[in-house]
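Reviewing the structure listed below.
Coordinate-derived values only; no laboratory data. Since the structure is predicted, the reported quantities are computational estimates derived from the model, not experimental observations. Ideal geometry is used to build each Cβ from the backbone, glycine not excepted, and the neighbour counts take in all protein chains shown.
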Amino acid sequence: DQVMSSQEILKGKHVLIALGGTVAPIDPVRYIGNWSSGKMGWSIAQAALTMGAEVTVIAGRTDIHLEAQKRLMIQRVRTTQEMYEQIEKHFGQCDVLIMAAAVADFKPANVVQQKIKKDPHQTVLNLQLTPTVDILKKMGHRKNHQLVVGFAAETQDVLANAQQKLVNKGADMIVANDVSQTTTGFNADNNKVTILRPQQKPLAWPTATKHEIGQRLMKLIAEQLS
Ligand code: CTP
Ligand code: CA
């Protein structure tokens, strides 16, 4: 009957977190990106550190100034492929993977080596896109001992779509997030999420700061790990 303080509840555990947005280069000076701020993922990383974990952050584009510290390793990436390679590299050693990144789903089918010039007579520019690798799905189906956690960014039918992602990606947990609300979606300081897990009732959490949600989520994950 030993009570663990929250400071050591994740001691010896390795948490791998992907955050921020990945980009898809179009030509040497342009890219396709998204509005992810990285705030939610960074809050989760902070919570994990507070609870004593070893944390590896794979960071795409983010507004946050990231700095390595004790028990925190940071690896910057730009494209989805780069993020995938880094996640693959660290996956074997981690106890939990949290995909909090806004991963670019598509990339230009052909990246040109020279800047695309505008033609004054051209009214339409066609850009052909091809899907990127689904990192969460790959890892969800490759896991052995790891707990695999994903997010679901939805603008409609939030729970039904998130439930599909839980099953389809082989995840152990999906944090469903309605991004149609500007106060709780991308770039906001607050968030409102529902936690989905296989064979368990959804947990609908009240609106809270991303900091609070990060703590609550890491606590739930820690319970599930032990
Ligand atoms: N994800 C991923 N690799 C991708 C796309 C998404 O690992 N190529 C992860 C995200 O980090 C998130 C989860 O999958 O944890 C769900 O992302 P989301 O964008 O909500 O769903 P998608 O599966 O990409 O489907 P869609 O964008 O069409 O809703
Ligand atoms: Ca997506």
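Overview of results
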{"read-out": "Residues of segment 91-110 classified as closer than 13 Å to VAL148 by Cβ and within 14 Å of ligand 1 (Cβ to nearest atom), total", "value": "6"}
{"read-out": "Subset of segment 85-112 (residues that are among the charged types (D, E, K, R) and either under 29 Å from ARG71 (Cβ atoms) or part of a loop (DSSP other than H, G, I, E, B) (or both))", "value": "GLU85, GLU88, LYS89, ASP95, ASP105"}
{"read-out": "Sole exception among (1) under 23 Å from LYS219 (Cβ atoms); (2) away from ligand 2 (no atom under 16 Å from the Cβ) for ARG78, by number", "value": "(1)"}
{"read-out": "Filter pass, VAL111 being on the phi < 0 side of the Ramachandran plot and in contact with a strand residue (DSSP E or B) (Cβ under 7 Å, 6 or more places away or on another chain)", "value": "yes"}
{"read-out": "Segment 133-160 residues that are touching a residue at least 60 places away in the same chain (Cβ under 8 Å) and within 14 Å of ligand 2 (Cβ to nearest atom), paired with ones that are of a type in the set (Ser, Thr, Tyr) and not in a strand (DSSP E or B) (beta carbon under 8 Å, 6 or more apart)", "value": "ILE135/THR80; ILE135/TYR84"}
{"read-out": "Residue count for segment 161-177, restricted to those that are away from ligand 2 (no atom under 15 Å from the Cβ) and among the charged types (D, E, K, R)", "value": "1"}
{"read-out": "Tally of residues being without any contact (Cβ under 8 Å) to a residue 24 or more places away in the chain and out of contact with any strand residue (DSSP E or B) (no Cβ under 7 Å at 6 or more places or on another chain) across segment 189-211", "value": "4"}
